[in-house]
Structures are given as structure tokens and as C-alpha cells.
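See below for the structure under consideration.
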Amino acid sequence: MSEKMKLDALENGTVNISDDVIGVITSLAVKEIEGIRGFHGGFADLVEKFGVKNLQKGVEVTLEEKNVFVELHLIADYGTKILDTSTLVQTKVKNVIEEMTGLNVKKVDVFIDAINVPNKKVKDIEPEKNIEADE
């Protein structure tokens with residue numbers, strides 16, 4: 001990331017917003033949504049195992065002029081209504097970025113890359129008895 005968006009020049013200078021900042025804004029907005037466990041980020045997942053927190057894991061931001069394009073790779077909780085939750089993610093991310101930056105969010109693509117299954121003990125199930133057919 002680390003591309004910067006230069007906003008209109010003001011009397012006192014210019015305002016630049018890094019795409020890294022937009023990535024962090026996006027991450028914090030998504031973390032508030034019930035049914036989303038977290039972000040799926042490949043290499044970033046490995047880095048986190050060593051205690052390094054990456055707030056932009058699973059978030060890709062592209063800036064073109066004053067337009068923002070966001071790609072999210074997420075982990076949903078088992079039982080979540082994925083379509084409804086993904087639509088909520090798109091709406092929330094778009095609204096938060098636009099409110100905080102004044103930029104125009106053109107697209108928020110959501111990819112549910114994994115499902116979080118709670119750790120439950122499975123009772124021992126007795127195997128079915130083999131029934132042989134009469135010949």
C-alpha cells in the first residue's frame with residue numbers, strides 16, 4: 001500500500017490521505033460487524049502468529065483520483081447469513097470511508113475465504129452396524 005491521495009489544496013496547505021490509513025479505517029469498521037470473525041490474509045496470518053498485529057491484513061485499497069476501491073478477504077462465523085452480512089460490510093465500509101475522508105467509494109468487494117467453526121466437543125458416535133443383504 002502506502003499510496004497517498006492528495007485532496008484539494010487548502011489555504012494553509014494540502015491534505016494527503018494514505019491508502020494505509022483507509023485500510024485501517026476499513027479494518028476497524030469491519031471488526032464492529034457481528035458474524036465476521038476477522039480477516040483472511042495469507043502471509044499476514046503467519047506474521048500474526050509471531051505477535052505482530054497487522055490492521056490491514058485482508059484489506060486491499062486502491063486509490064484513483066478521488067475514488068476508492070476496496071477488496072476484503074474475510075472469515076465469517078459458522079451460521080452467519082453470508083449474503084446479508086457481506087452486504088452490511090459493504091455498506092458500513094463505504095459509509096465510514098466517505099464520512100471520514102470525503103473520498104468517493106466506488107466499489108467494496110467482499111470475499112468470504114473461510115468459516116470459523118467453534119471448538120465444540122463431538123460426542124463419540126457409535127458406528128452404524130453393517131447390515132448384509134440376503135443373497
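The values are calculated or read from the model by the stated rules, or taken from the named source; none is laboratory data. Source: prediction; values computed, not measured. All Cβ positions, even for glycine, are placed from backbone atoms using ideal geometry, and neighbour counts span all protein chains on display.
Within region 85-103, the set of residues being in contact with a helix residue (DSSP H, G or I) (Cβ under 9 Å, 6 or more places away or on another chain) and either closer than 10 Å to Leu72 by Cα or surrounded by 13 or more Cβ atoms within 10 Å (Cβ to Cβ) (or both) comprises Val89, Lys92, Val93, Val96, Ile97, Met100, Thr101, Leu103.
Here Lys92 passes the criteria (1) modelled with pLDDT of 95 or more; (2) assigned to a strand (DSSP E or B) except the one numbered (2).
Candidates Asp84, Asp109, Asp124: the one that is at pLDDT below 95, of a type outside the set (A, V, I, L, M, F, W, C) and out of contact with any Lys or Arg (no Cβ under 6 Å at 6 or more places or on another chain) is Asp124.
Restricting attention to region 64-84, the residues being of a type in the set (Gly, Ala, Ser) and either surrounded by 14 or more Cβ atoms within 10 Å (Cβ to Cβ) or in a helix (DSSP H, G or I) (or both) number 1. Pairs linking a residue in region 75-88 that is within 19 Å of Ser27 (Cβ to Cβ) to a residue that is assigned to a helix (DSSP H, G or I) and modelled with pLDDT of 95 or more, with Cβ atoms under 6 Å and 6 or more positions apart or on different chains, are Ala76/Ile82.
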